[in-house]
Amino acid sequence: MLGLWKPVSEPEGFGFSSDRIQTPPEMEASLKIENRGWEEWRLIYNGSFPVKPRETYRLTVRMMLDLEDRKASVILEPRILDKKGERLRAIKEKWMGDSGEPFIRRDLGFWRGGIIAAAGKWDWRCMTGGFMIPDGAVQMNLLLHGTGPGRAWISGVELHGDFYRLVRAVKPPQVPDYPKAVLYKRLVLGEYAGKVLRLGDLNGDGKVEFLFAQRAR
């Protein structure tokens, strides 16, 4: 177990070792982690796995925690990499916002999914996370990281493919057909009006007014 993980970040007061005493009955050993500070520590699995877009996986792990602060945590998550070996970013090209103030956001940051996060103090538990490989992914590795004082034991890390085969198919709920909007009148404003900025009662008469942006001559 110890040889499968290598440190990426080892702050002062952090250490990890193999433990053959505090371990689940069916396991030979567990990874024991001890930390005394709040700087984040990181361990990465020694090796990566080839993946293809649209593949589904189930990640499982057994943890026992003895963390000393409720803000302390231990997290296991997959890291999806592109063909350059860099973390894959979530890119979404879609218009967002209302029609009066549209904007587009393309880069949503690094892709994250299937995260297993834990905090507190408890005995051995088995936890599971499922995820789908996004477009542009070529390989995957596993990252174990955390912060805060305390101890944690990790064992039984497993990665299974074809996760959605185990999930029961559920039909989407039937949505009734609601009445659609009816066009009352169309205003042809030519080049003098821009987009609609606001709708509301501007003069206090209880009626809705349209506020347009107009080019000054």
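The values are calculated or read from the model by the stated rules, or taken from the named source; none is laboratory data. This one's a predicted model, so the numbers in the text were calculated from it and none came from an experiment. Neighbour counts run over all protein chains shown; Cβ positions are idealised from the backbone, glycine included.
Data table
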read-out: Which listed residue, of Gly136, Gly129, Gly146, Gly156, is in a loop (DSSP other than H, G, I, E, B), modelled with pLDDT of 70 or more and not hydroxyl-bearing (Ser, Thr, Tyr); value: Gly136
read-out: Cβ-Cβ under 6 Å pairs, at least 6 apart or on other chains, the stretch 64-86 side assigned by TED's automatic domain parsing to the domain that holds Val138, far side β-branched (Val, Ile, Thr) and in a strand (DSSP E or B); value: Leu76/Val61; Leu76/Ile116
read-out: Selection count where residues are on the phi < 0 side of the Ramachandran plot and out of contact with any Phe, Trp or Tyr (no Cβ under 9 Å at 6 or more places or on another chain), scope the stretch 113-127; value: 10
read-out: Selection from the stretch 18-42 of residues that are in contact with an Asp or Glu (Cβ under 9 Å, 6 or more places away or on another chain) and surrounded by 12 or more Cβ atoms within 10 Å (Cβ to Cβ); value: Ala29, Ser30, Leu31, Lys32, Arg36, Gly37, Trp38, Glu39, Trp41, Arg42
read-out: Residue under evaluation Glu34, criteria (1) at pLDDT 95 or above; (2) within 28 Å of Leu81 (Cβ to Cβ), criterion not met; value: (2)
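Every residue, every condition in (1) closer than 25 Å to Gly113 by Cα; (2) touching a residue at least 12 places away in the same chain (Cβ under 8 Å); (3) assigned to a loop (DSSP other than H, G, I, E, B), yes or no:
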| site | (1), (2), (3) |
| --- | --- |
| Val8 | yes, yes, no |
| Gly13 | no, yes, yes |
| Pro25 | no, no, yes |
| Leu31 | yes, yes, no |
| Glu39 | yes, yes, yes |
| Leu43 | yes, yes, no |
| Val61 | yes, yes, no |
